[in-house]
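Here the structure comes first, spelled out in structure tokens, and everything after it is commentary.
The values are calculated or read from the model by the stated rules, or taken from the named source; none is laboratory data. The model shown is predicted, which means the values in this text are computed figures rather than measured ones. Glycine also receives a Cβ, built like all others from the backbone with ideal geometry; neighbour counts cover every protein chain displayed. Accessible surface areas use protein heavy atoms only, side chains included; no ligands, DNA or RNA. Shrake-Rupley method; radii C 1.70, N 1.55, O 1.52, S 1.80 Å.
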Amino acid sequence: MRAMVGAFRKRSFANRSLSTRTLILAEHEGGSVKASSLSAVEAAKFLGEDNSVSLLLAGSGPSLEEAASHAASCHPSISQVLLADSDKFTYPLAEPWAKLVHVVQQKGRYSHIIAGSGSFGKNILPRAAALLDVSPITDVTEISGSHLFVRPIYAGNALCTVRYTGSDPCLLTIRSTSFPWVSITSRSDSNAALIEKVDLSTFSEDDAIGKSKYISLSSQDTERPDLGNARVVITGGRALKSAENFTMIEKLAEKLGAAVGATRAAVDAGYVPNELQVGQTGKIVAPELYMAFGVSGAIQHLAGMRDSKVIVAVNKDADAPIFQVADYGIVGDLFKVIPELLEKLPDK
Ligand code: FAD
């Protein structure tokens, strides 16, 4: 089902130039730009042929400089890297970041500002939109023109085509799974994008103070691939019954070089931390292979994984809704199926 939202207003399009200028709000970690931000660069390609792309990086310390060099050489579409180097941006808090976006927009007059749909983009973009007095369009999965976007609604059960009729800049968050970025070659030094420091002289101390404050970061130190970008995801549901039993899912993931996912029921029961939750209120994934063990297939879970290329489900109930989206299904007891798989699969 596709619905058209937003009345078409001729007047608002009359003065729009055909060329677009896009600002990407980028996340970086360990001296590299995150893949979700490079997916935003991929998405920008669909805004039009004559589109210049600037990437905004903020933070402090040597890892920011490293991330800037990475940004300048990793993607052919990036023409400029803007660097906001200040301890105000050490942590990605919404208040200073939103003000930064406002400052950068005053100078750059971008037609579009894009961030990934993860917690970084979802945190910053609404506040930046309020400062710029525009309405953001979130969770975009398809760009059909510079002002025409597709996004899922009703937990992914319908797709909505939205025409943006507001004034510039048009703010978007995009689902990185819909705009995959594949690194082929990096640019040579002579061909690298320009790196420019953002003038923060108009940025006052008060601009950095907001209602949120950084307390701590808790993340799992794991060798496994990142859930959002993994090629294979192995997910366990409530049927695993305990955190101890859930280690079967982890062992299987290890053998297949996969990321581990979980349903909200498994997270709520305390089997795994909530960063592993897949679904409407968790992570959105679209791996090449998604294996679901003891997962009923509630619509809120399907909203986060139904775009996976191949779905395999193991459930003892033949009528479980997960089988409606599965390409391969086993009606059986996961406590028998997983040990058999572990035995037959070679070590990685
Ligand atoms: P259950 O629904 O209890 O299903 C367990 C399944 O395991 C059953 O199908 C059963 O047949 C099968 N089973 C039992 N024993 C075995 C066995 N030994 N071997 C094989 N199969 C077995 N859920 C999410 O996952 N992600 C979300 O982001 C999310 N967001 C939500 C947001 C809202 C606003 C709401 C209201 C709900 C949300 N939920 C979300 C919860 C969702 O509705 C379901 O409750 C949840 O997905 C169910 O998890 P489950 O499949 O693990 O558990």
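Derived scalar couplings between HN and Hα for the range 69-85 equal 5, 4, 4, 6, 10, 8, 9, x, 7, 7, 9, 8, 10, 9, 10, 9, 9 Hz in order, rounded to whole Hz, by the Karplus curve 6.51 cos²θ - 1.76 cosθ + 1.60 (θ = phi - 60°), x for Gly and Pro. Computed from the C-beta positions of Q106 and E250, the FRET efficiency with R₀ = 35 Å rounds to 0.10. Would you work out if the range 263-348 is rounded, prolate or oblate? Take a ≥ b ≥ c from the square roots of the eigenvalues of the alpha-carbon gyration tensor; rounded if a/c is under 1.5, else prolate when a/b is larger than b/c, oblate otherwise. Taking the square roots of the gyration eigenvalues as a ≥ b ≥ c, the range 263-348 is rounded.
Let me know the longest stretch in the chain that avoids all GluC sites (Glu not before Pro) found in a DSSP loop with at most 10 other C-beta atoms within 10 Å. Write out the running numbers ahead of the final one.
Values: sites that count: E49, E223.
After excluding every exposed loop site, the longest remaining stretch is 50-222.
Gain in length, I299 to R224, computed as 0.36 nm per residue apart minus the alpha-carbon separation, to one decimal in nm? Don't jump to the answer; show the numbers that get you there.
Details: separation 75, 0.36 × 75 = 27.00 nm, distance 2.70 nm.
Stretched fully, the I299-R224 segment lengthens by 24.3 nm.
Only the Cβ atoms of Lys and Arg (+1) and of Asp and Glu (-1) were treated as charged; on that basis the dipole of the chain about its Cα centre amounts to roughly 1180 debye.
Work out the length of the dipole vector of the range 211-253 about its Cα centre, built from +1 on the beta-carbon of each Lys and Arg and -1 on the beta-carbon of each Asp and Glu, and round it to the nearest 20 debye. Spell out each step's value before the answer.
On the way: 7 positive and 5 negative charges, 53 e Å.
Magnitude of the dipole: close to 260 debye.
Which pairs break 18 Å Cα to Cα here: K34/K283; K283/K309; K251/K336; K34/K99; K45/K309? Result: K34/K99; K45/K309 exceed 18 Å. Taking Cα atoms only, the orientation of helix 334-344 departs from the longest principal axis of the chain by about 80 degrees.
Near K283, the amide H atoms lying under 5 Å from its own belong to Q277, V278; only residues 5 or more places off or on other chains count, and H is placed 1.01 Å from N. Based on the alpha-carbon gyration tensor of the range 71-188 and its eigenvalue square roots a ≥ b ≥ c, which shape applies: rounded if a/c is under 1.5, prolate if not and a/b is larger than b/c, or oblate? Oblate shape, in that a/c is at least 1.5 and b/c is the bigger or equal ratio. Each of R187 and A130 was given a label point 7 Å from its Cα along the Cα-to-Cβ line. The distance between the two points is 3.6 nm. Sorted largest first by accessible area at a 1.4 angstrom probe radius, with every protein chain in place, the residues D189, D268 fall in the order D189, D268.
Evaluating 6.51 cos²θ - 1.76 cosθ + 1.60 at θ = phi - 60° for every residue in the range 124-130, the Karplus couplings come out as 8, 4, x, 5, 5, 4, 5 Hz, glycine and proline recorded as x.
For the range 215-287, what does the accessible surface come to per residue with a 1.4 Å probe? Please give it in Å². Working shown, then result.
Details: 3810 Å² over 73 residues.
Averaged over the residues of the range 215-287, the accessible area is 52 Å².
The trypsin sites (Lys or Arg not before Pro) of the range 159-215 that DSSP puts in a loop, and whose beta carbon has at most 13 other beta carbons within 10 Å, are K211, K213.
Multiply the residue gap between Y154 and T202 by 0.36 nm, knock off their C-alpha separation, and tell me the result in nm, one decimal place.
Length gained between Y154 and T202: 13.1 nm.
Backbone amide hydrogens, once placed in the peptide plane, bring I113 within less than 5 Å of L23, C170, L171, L172, excluding anything fewer than 5 places away on its chain. Taking 7 Å steps out from each Cα toward its Cβ at I209 and F335 produces label points 5.8 nm apart.
Sequence-ordered 3J(HN,Hα) estimates for the range 301-310 from the Karplus curve with 6.51, -1.76 and 1.60 and θ = phi - 60° stand at 6, 4, 4, x, 9, 5, 8, 4, 5, 10 Hz, glycine and proline given as x. Mind running the shape call on the chain? Use the C-alpha gyration tensor, a ≥ b ≥ c as the square roots of the eigenvalues: rounded below 1.5 for a/c, prolate if a/b tops b/c, oblate otherwise. It is prolate, given that a/c is not under 1.5 and a/b is the larger ratio.
Element breakdown for the chain at a 1.4 angstrom probe: carbon and sulfur atoms account for 50% of the accessible area.
Straight Cα distances below 15 angstrom link K107 to the aspartates and glutamates D168, E196, D199, with same-chain residues fewer than 8 positions distant left out.
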